[in-house]
Amino acid sequence: LYRYCIILTPPNVTGSMHMCHAFQDTIMDCHTRSQRMQGKNTLWQPGTDHAGIATQMVVERQLLAKGISRHDLGRDRFVEAVWQWKEESGDTISRQMRRLGASVDWQAHRFTMDDELSLTVRKVFVSLYKEGLIYRGQRLVNWDPVLHTALSDLEVLSEEENGKLWHICYPRADGRGQVVVATTRPETLLGDTAVAVNPQDERYSDLVGLMLELPLTGRRIPIIADDYVDPGFGSGCVKITPAHDFNDYEIGKRHDLPMINILNPDATLNENAPLAYQGLDRFKAREKVVADLQAAGLLERVESHKLMIPRGDRSQAVVEPYLTDQWYVKVEPLAKPAIEAVEDGRIQFVPANWSRTYFDWMHRIEDWCISRQLWWGHRIPAWYDDKGNIYVGMDEQDARLRCGLDSSISLRQDEDVLDTWFSSALWPFSTLGWPEPTARLKSFYPGSVLVTGFDIIFFWVARMIMMGMKFMDDVPFRTVYIHGLIRDGQGQKMSKSKGNVLDPLDLIDGIDLESLVAKRTTGLMQPKMASAIEKATRKEFPEGIPAYGTDALRFTFAALATTGRDIRFELGRVEGNRNFCNKLWNAARFVLMQTEGQTVKASFEPGPIDRWILSRMDRMVSEVDAHLGEYRLDLAAQSLYEFVWNEYCDWYLEFTKSTLQGEDENAKPATRHTLLSVLETTLRCLHPIMPFISEEIWQRIRPQLGIQGDTIMLQPWPQAGRRDQSPDQDIDQDIHWLKEVIQGVRRIRSELNISPGKPLDIRFQGGNETDRERLQCYQGVFGQLVRAASIQWVDDLADTSQCAVALLAELKILVPLAGLIDVDAELTRLHKQLEGEKAHVKTCQSRLGNRRFVENAPAEVVEQERQRLSEHESNLTRLDEQIKKLQSMNN
RNA sequence: GGGCGCGUAGCUCAGCGGUAGAGCACUGUGUUGACAUCGCAGGGGUCACAAGUUCGAACCUUGUCGUGCCCACCA
């Protein structure tokens, strides 16, 4: 595969960048950049979404501030106003993405209402209509009485709220008693057309078929039997309101009941309600119904009751099930291939668990209501004649043509627009020029990976898969990478109303406290929250937010991109990574100081220390590569961080100082070259995560290495295992030894409180041939890093009672401190170590003493354990010896 | 009611079958020509609990407790 494509989740034109965008963009950019460096033809497809309801609400609110409603303007002028607003502020988020370093293909930018994309939408609509996969139907929909539009199931969010359960008496028409029904919505009583009981319920079996007096209405309704009714709940009798409840609607259809719609579009009661209630808001009507029932003695009792209240996700208004004509997509035929694509692995979810969520939903999927009673969006390409016949086409002319209508018949277009997600579902191919067979379409469909949050798996991912399978006959992407949501440090969702929003750009550029407070407290829906928000903000950010820079922010996002769990975002992480950026920068400064104007030899025999860092780097490169391939940016970032800081800076740079400040002129050019080339390779590895700093440093070191090319962005991605030398196991062990020896001396210094500046005499005792060879090889470096005044081997009989000691297997590292040694301090130190060794020996012994362990565990594990034991035993013996010597001194 | 997660160092999180890890915070110390946004050294964890599988469990199984999210028509 030589091509790589990621589609950007198109942000709303209304939007500005929030943390989730920045997080997501970082992930996508990392992959795009690394794939680009791997030589692939990459496309990261950007764009924005017209976001029907959200955008319309924003503009309406602005007009309202000027005292104008959209109805004052009329449809055409209102839509014009939205376009104008879009032109003015629609590219905010694109500008912010540039600041983040997002390497999208800006020339390919699309907007879901571009002419080209609108054409795609109509084409798909017409095509699905022709196939019978789009139809117009009257049924119950979720109706938002504030926005006056239908909503899809997904746009309705239910939450548990405290309500009441009213028990109401319905008298029998024959005057022989009554039944009691329980309801959470007494006002719907006015639209009841039956009462249902369970057919198995013996209490009521005699009553089925009888009529009841429906209170307050003068109507009579039957008692019917239906399995839906749970005899155990309440009285076992359910009032049935087919026009205002989804279950009742189904029952109504089963029993052929009349459907009485008692509501207007704004949820006031209409002419089908008794006169006394007409025009009342539904909640006012509820109060009146209850009061009237009570007055009539028909209210048996009221109890408090928790129930799920459905609200529109935009307006927060309580949604009504409402009987209207709407357009629907018949999804079952579309869902089947979309399910199969995931089942057979053509699409993979990462992490894989999410496929289950996907399947659960896809298997229960219901027809998708796609019409919205809005003005902003893709207007539905359907026309009606005076008799209400429907004509669908690309435009009015096309519709006439298809149906053979001449111009004498007047048509009017459907007033509604399509659900925003309808056009979003086409995004993977609409942006590439479909239905034209463009080169872009051929190259970049299917996309490689979709990076998104789990919150829009249903809204978007599933629908893209369905539409992709339908119109491209292929999956829209091969991998769906689901990331977690960014939350604040306390785990709260970031929201304007909570006042805990962080703006990614404020983390990049910094912001002072007053500006931050102002930003968080202006434009609140609930202005009274302002003081609490201000207080919390001042407490959390007493100094405001410092400028961390883009790369630090990106690195933080990468490091936080673990497997799918939600992310608590803490400034401490950004600060730590800002320091990492700084560390890298300073390391580069060191390298430049050592190499500028100096001989740098490209062809050389690297010394052992150079070979060591090359070997470690090789390992890092292969780790980063593997982790990127598994979408584990967190692990990739960690490998880079550890290599740069803990190996390259902490050890390698320190090692080279000995060579570079030493006498051996011949060794210097090679070391300089290694310094540069390791830095250069590391920069290429870092570049996808930290594009700015890596580029900046790379430009400065490029000349010394004689590298061709204008930018690190297009340099080859580092390959592990490419260099001639095999993995340098021996060198790794050498340097491990060297570090241990150095740390042994440092520990003595630190624990005995010896000034870091004081040169020390170092003595080695015991040890084996390898120890001697190693010391000979690394004596210079060792001496430099521990500040040795002298280094000598002493024989086994030498008096070491005046020495502090560090142990490394058979080797004793001694620091003679004649007369200065604080014997008590040293004894304490040694006893502490002794206890540690004892514990280790005990663990090892008990393990090896277990016959079943020795018999069953793999040989290498047992062998490893034996070695461990002998090492600890040896340490134990030597520590014991040294303690005895010191104690004898003390006496 | 179903589904998916999570409970590991003070905090935020990796690790997911072979001696408990990172960052931040903490302690001691240090301006040795890359870096005090730093160096060096150090403290800190019966890996929620219980039982099981295994030579061996933070890791696998089962259960319990706590916690978060998603889906669902109980009036």
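The values are calculated or read from the model by the stated rules, or taken from the named source; none is laboratory data. The model shown is predicted, which means the values in this text are computed figures rather than measured ones. We place every Cβ from the backbone using ideal geometry, glycine too, and count neighbours over all the protein chains shown.
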Q: Among residues belonging to the range A:263-297 that are under 50 Å from the mean Cα position of the chain (by Cα) and among the small types (G, A, S), point out the one that is nearest to A:H148 (Cα to Cα).
A: A:A267
Q. Residues of the range A:855-875 being within 13 Å of A:V841 (Cβ to Cβ) and small (G, A, S), which ones?
A. A:S870, A:S874
Q) Given the residues A:S448, A:S423, which is the only one that is among the polar types (S, T, N, Q), within 26 Å of A:W327 (Cα to Cα), away from RNA strand B (no atom under 16 Å from the Cβ) and in contact (Cβ under 8 Å) with a residue 60 or more places away in the chain? A) A:S423
Q) Which one of these does A:A789 not meet: (1) over 16 Å from A:G744 (Cβ atoms); (2) surrounded by 14 or more Cβ atoms within 10 Å (Cβ to Cβ); (3) modelled with pLDDT of 85 or more? A) (2)
Q. Taking A:G232 and the conditions (1) among the small types (G, A, S); (2) over 27 Å from A:M308 (Cα atoms); (3) free of Cβ contacts under 8 Å to residues at least 12 places away in the same chain, which numbered condition does it fall short on, given that it satisfies the others?
A. (2)
Q.
On the basis of being in a strand (DSSP E or B), of a type in the set (D, E, K, R) and touching a Leu at 6+ places or on another chain (Cβ under 7 Å), does A:K239 make the cut?
A. yes
Q. Can you spot a residue in the range A:750-760 that is in a helix (DSSP H, G or I), within 16 Å of RNA strand B (Cβ to nearest atom) and of a type in the set (D, E, K, R)?
A. yes
Q | Search result, residues across the range A:480-511 that are β-branched (V, I, T), farther than 15 Å from A:D566 by Cα and surrounded by 19 or more Cβ atoms within 10 Å (Cβ to Cβ) | A | A:V480, A:I508, A:I511
**Q.** Options A:I731, A:I697, A:I693; residue that is in a helix (DSSP H, G or I), at pLDDT below 95 and surrounded by 15 or more Cβ atoms within 10 Å (Cβ to Cβ)
**A.** A:I731
Q: Pick out the one residue from A:W434, A:W460 that is aromatic (F, W, Y), in contact (Cβ under 8 Å) with a residue 12 or more places away in the chain and either in a loop (DSSP other than H, G, I, E, B) or surrounded by fewer than 15 Cβ atoms within 10 Å (Cβ to Cβ) (or both).
A: A:W434
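Each row is one residue, and each column tells you yes or no for (1) in contact with a Leu (Cβ under 7 Å, 6 or more places away or on another chain); (2) basic (K, R); (3) surrounded by 18 or more Cβ atoms within 10 Å (Cβ to Cβ).
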{"site": "A:K535", "(1), (2), (3)": "no, yes, no"}
{"site": "A:E543", "(1), (2), (3)": "yes, no, no"}
{"site": "A:Y548", "(1), (2), (3)": "yes, no, yes"}
{"site": "A:L553", "(1), (2), (3)": "yes, no, yes"}
{"site": "A:A558", "(1), (2), (3)": "yes, no, yes"}
{"site": "A:A561", "(1), (2), (3)": "yes, no, yes"}
{"site": "A:R578", "(1), (2), (3)": "no, yes, yes"}
Q.
Take residues that are among the hydrophobic types (A, V, I, L, M, F, W, C) and free of Cβ contacts under 8 Å to residues at least 24 places away in the same chain and tell me which of the helices (runs of 4 or more DSSP H) falling wholly in the range A:1-116 contain 2 or more.
A. A:52-65, A:75-89
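Residues are listed down the side, and each one gets a yes or a no for (1) more than 16 Å from RNA strand B (Cβ to nearest atom); (2) of a type outside the set (A, V, I, L, M, F, W, C); (3) at positive phi:
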site	(1), (2), (3)
A:K284	yes, yes, no
A:A295	yes, no, no
A:R301	no, yes, no
A:H305	no, yes, no
A:P310	no, yes, no
A:E320	no, yes, no
Q | Qualifying residues in the range A:163-193 (those that are more than 12 Å from RNA strand B (Cβ to nearest atom) and among the polar types (S, T, N, Q)) - the one nearest to A:A267 (Cα to Cα) | A | A:T193
Q. If A:S69 satisfies every condition in (1) out of contact with any helix residue (DSSP H, G or I) (no Cβ under 9 Å at 6 or more places or on another chain); (2) over 29 Å from A:P504 (Cα atoms); (3) small (G, A, S) but one, which is the exception?
A. (1)
Q. Looking at the range A:216-236, which of its residues are of a type in the set (D, E, K, R) and outside any loop (DSSP other than H, G, I, E, B)?
A. A:R219, A:R220
**Q.** Considering residues of the range A:451-472 that are within 16 Å of RNA strand B (Cβ to nearest atom) and not β-branched (V, I, T) only, the residue nearest to A:S152 (Cα to Cα)
**A.** A:F459
Q: Considering every residue within the range A:345-365, establish whether at least one is in contact (Cβ under 8 Å) with a residue 60 or more places away in the chain, away from RNA strand B (no atom under 16 Å from the Cβ) and either over 22 Å from A:L133 (Cβ atoms) or of a type in the set (K, R) (or both).
A: yes
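Every residue, every condition in (1) out of contact with any helix residue (DSSP H, G or I) (no Cβ under 8 Å at 6 or more places or on another chain); (2) β-branched (V, I, T), yes or no:
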{"residue": "A:T9", "(1), (2)": "no, yes"}
{"residue": "A:G15", "(1), (2)": "no, no"}
{"residue": "A:T26", "(1), (2)": "no, yes"}
{"residue": "A:H31", "(1), (2)": "no, no"}
{"residue": "A:P46", "(1), (2)": "no, no"}
{"residue": "A:A65", "(1), (2)": "yes, no"}
{"residue": "A:R75", "(1), (2)": "yes, no"}
{"residue": "A:F78", "(1), (2)": "no, no"}
{"residue": "A:Q84", "(1), (2)": "yes, no"}
Q. Name the residues in the range A:740-749 that are more than 7 Å from RNA strand B (Cβ to nearest atom) and under 18 Å from A:Q802 (Cβ atoms), would you?
A. A:G744, A:V745, A:I748
Q | Every residue from the range A:372-424 that is part of a strand (DSSP E or B), among the hydrophobic types (A, V, I, L, M, F, W, C) and in contact with a Leu (Cβ under 7 Å, 6 or more places away or on another chain) | A | A:W383, A:V417
Q: Hey, could you check the range A:585-618 for residues that are within 16 Å of RNA strand B (Cβ to nearest atom) and charged (D, E, K, R) and say which is modelled with the lowest pLDDT?
A: A:E596
Q.
Among the residues of the range A:202-222, are any within 13 Å of RNA strand B (Cβ to nearest atom) and either surrounded by fewer than 16 Cβ atoms within 10 Å (Cβ to Cβ) or of a type in the set (D, E) (or both)?
A. yes
Q) Within the range A:598-648, can you find the residues that are touching a residue at least 12 places away in the same chain (Cβ under 8 Å), in a loop (DSSP other than H, G, I, E, B) and among the small types (G, A, S)? A) A:A602, A:G607
Q: Please note which helices (runs of 4 or more DSSP H) are completely contained in the range A:791-891 and include at least 2 residues that are within 25 Å of A:C777 (Cβ to Cβ) and within 10 Å of RNA strand B (Cβ to nearest atom).
A: A:859-890
Q) Restricting the search to the range A:557-583, which residues are near RNA strand B (Cβ under 6 Å from one of its atoms), in contact (Cβ under 8 Å) with a residue 12 or more places away in the chain and within 15 Å of A:P691 (Cα to Cα)? A) A:R578
Q.
I'd like to check something: does the range A:818-834 contain any residue that is over 21 Å from A:Q765 (Cα atoms) and within 46 Å of the chain's Cα centre (by Cα)?
A. no
